[in-house]
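Bear in mind these aren't lab numbers, they're just calculated from the coordinates by the rules spelled out. As the structure is a prediction and not an experimental result, all values here were calculated from the model. Neighbour counts run over all protein chains shown; Cβ positions are idealised from the backbone, glycine included.
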Amino acid sequence: MAHPRLFLNTPVKSYIQVTNVCDLNCQQCYTNCTKEAATDELTLDEWKQVLTQMSTDGVININIEGGEPLCRGDLDDFLRFATSKFWVWLRTHAHLITPKRAEELAQLGIGRVIVDLFAPQAELNDELAGVAGTYEHTIEGVKNLRACDVPVALACILNRKVLPHLQDYLDLGAELGAVEVAFLRFYPIGRALENWGHLAPTLPEIMTAVDSVVVPDGVRFMEGFHPYDSNCCFENAGVTSTGRSIGCPYLRDLVDFGNVRDKTLLDTWQDAHYTEIRTAEVEGACDDCAGTQVGSPGGCRSAAFMFKGSWDASDPFCVNMNEGVDVSELPKYLPLTTP
């Protein structure tokens, strides 16, 4: 067994879902986005209180996401406050980023914008986004950000339809001036759960596609498959738009560590169940992945639980930890598991 090192007393980064609202209908969405905000989404004043306490407790980096963050009307006020306390990244589809909006984001001091681009071709991207014209607007948004010297990373969720186009995706990222291109997993959560049957690839299909790409010069390549499969829970502290503390965003349908309206984020991070998830010995951890992801062996805890039914199981998305699991089939262990 491999045992993660519990060397952080506080999370260093946090994922903040500022809204669940999105104007797209993405097939691989990690949440079930809505067209209108829930009545219990945190207000700006509530977020300011939460962020102030997070800063006091030692959080350094926050990643702002949605939904589509740009659909929140007071986002600029949120970002202005956040950038005064943290290194801030913004995750968006970028289709709403006009030249003026890009300049505003640059002036707010956003450290990086992570852009969800679903495919390097308009037809496939728009099919996955659920709205015609999204590709064109997203590409323009990226160009607008780069014109204002805002660092941009492209994020591609690996589903069956996009796998044949990964080299084109990387090449497009280089052409657009992206500092990083990330290949992310397709997780059976949110709306993605509804589309699992026709979009989820097998692990051999994923590895063949990922291993075949040639990374262009000047682009950092990020992927979470063998030999780079890590257990990120040791540093993550995610909060939903309604204040639920969920650790890693990929755990959102599996856990609930309390609400930041009632307790501090640090208190929820120290919840006994989340501490157990972060520190549990992992049966059959991959030495290769443990070697590249120091202190976090065993891979993703969300995938391990959903596909194998145990928080201390190994991650089936690593070829050395798969143990015969077909990751293209809907996993069995999906109900909400509270502490």
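What does DSSP give for the chain in terms of the percent of beta bridges that are antiparallel, rounded to the nearest 5?
Antiparallel: roughly 10 percent of the beta bridges in the chain.
I'd like the Karplus ³J(HN,Hα) series for the range 239-252: coefficients 6.51, -1.76, 1.60, θ = phi - 60°, whole numbers in Hz, and an x wherever there's a Gly or Pro.
10, 7, 5, 9, x, 5, 8, 10, x, 7, x, 6, 9, 4
Please give me the summed charge of the neighbours of LEU199: other residues whose Cβ is under 13 Å from its Cβ, Lys and Arg +1, Asp and Glu -1.
Numbers: positive: ARG160, LYS161, ARG185, ARG191; negative: GLU127, GLU194, GLU205, GLU329.
The answer is 0.
Can you work out D for the range 1-143 in µm² s⁻¹ from Stokes-Einstein, where Rh is the Kirkwood radius over C-alpha pairs, the temperature is 25 °C and the viscosity is 0.890 mPa s?
150
When 1/r is averaged over all different Cα pairs and the result inverted, which Kirkwood radius in Å belongs to the range 245-332? It would help to have the intermediate numbers written out before the result.
Numbers: mean 1/r = 0.0725 Å⁻¹.
So the Kirkwood estimate lands at 13.8 Å.
Could you list ASP171, ASP74, ASP253, ASP217 so that the one with the fewest beta carbons within 10 Å of its beta carbon is first and the one with the most is last? Could you put the intermediate results ahead of the total?
Working: ASP171 17, ASP74 13, ASP253 21, ASP217 5.
With the sparsest Cβ surroundings first, the list reads ASP217, ASP74, ASP171, ASP253.
Report, in cubic angstrom per residue, the convex hull volume of the C-alpha atoms of the range 201-253. Let's see the in-between values first.
On the way: hull volume 7.3 nm³, N = 53.
Output value, Cα hull per residue: 138 Å³.
Using a 10 Å cut-off around each Cβ, can you sort ILE277, ILE110 from fewest to most neighbouring Cβ atoms?
Values: ILE277 26, ILE110 22.
Least to most surrounded, the residues fall as ILE110, ILE277.
Which value does Rg/Rh take for the range 46-125 over its C-alpha atoms, Rh per Kirkwood?
1.02
Using a Gaussian network model of the chain with C-alpha springs under 10 Å, which one of THR240, THR279, THR43 is most mobile by mean-square fluctuation?
Evaluated over the chain, the most mobile residue of the options is THR43.
Rounded to the nearest 0.05, what FRET efficiency do THR43 and SER84 have when you use their Cβ-Cβ distance and R0 = 25 Å?
Taking R0 as 25 Å, the efficiency between THR43 and SER84 is 0.85.
Any chance you could run the full-extension gain for LYS35 through ALA106? It's 0.36 nm times the residue separation minus the Cα-Cα distance, nm to one decimal. Don't skip to the end; give the middle numbers.
Values: separation 71, 0.36 × 71 = 25.56 nm, distance 2.71 nm.
Gain in length upon complete extension: 22.8 nm.
Provide Rg over Rh for the range 182-306; use the alpha carbon set for both Rg and the Kirkwood Rh (inverse mean inverse pair distance). Could you put the intermediate results ahead of the total?
Details: Rg = 16.2 Å, Rh = 16.2 Å.
The Rg/Rh ratio comes out at 1.00.
If r is the Cβ-Cβ distance from MET207 to GLU175 and R0 is 22 Å, what FRET efficiency results, to the nearest 0.05?
Details: r = 26 Å, r/R0 = 1.18.
Once rounded, the FRET efficiency stands at 0.25.
In Å, the Kirkwood hydrodynamic radius of the range 3-54 over pairs of distinct alpha carbons?
Values: mean 1/r = 0.0715 Å⁻¹.
That comes to 14.0 Å for the range 3-54.
Over its Cα atoms, what ratio of radius of gyration to 2.2 N^0.38 Å does the range 35-74 give? Kindly include the intermediate steps, with their values, before the conclusion.
Values: Rg = 11.8 Å, N = 40, 2.2 N^0.38 = 8.9 Å.
Normalised Cα radius of gyration, the range 35-74: 1.32.
Would you kindly give the portion of the calculated P(r) for the chain that falls above 33 Å, as a percent of all Cα pairs? Please report the intermediate quantities before stating the final value.
Numbers: 12824 of 57291 pairs.
Cα-Cα pairs in the chain separated by more than 33 Å: 22 percent.
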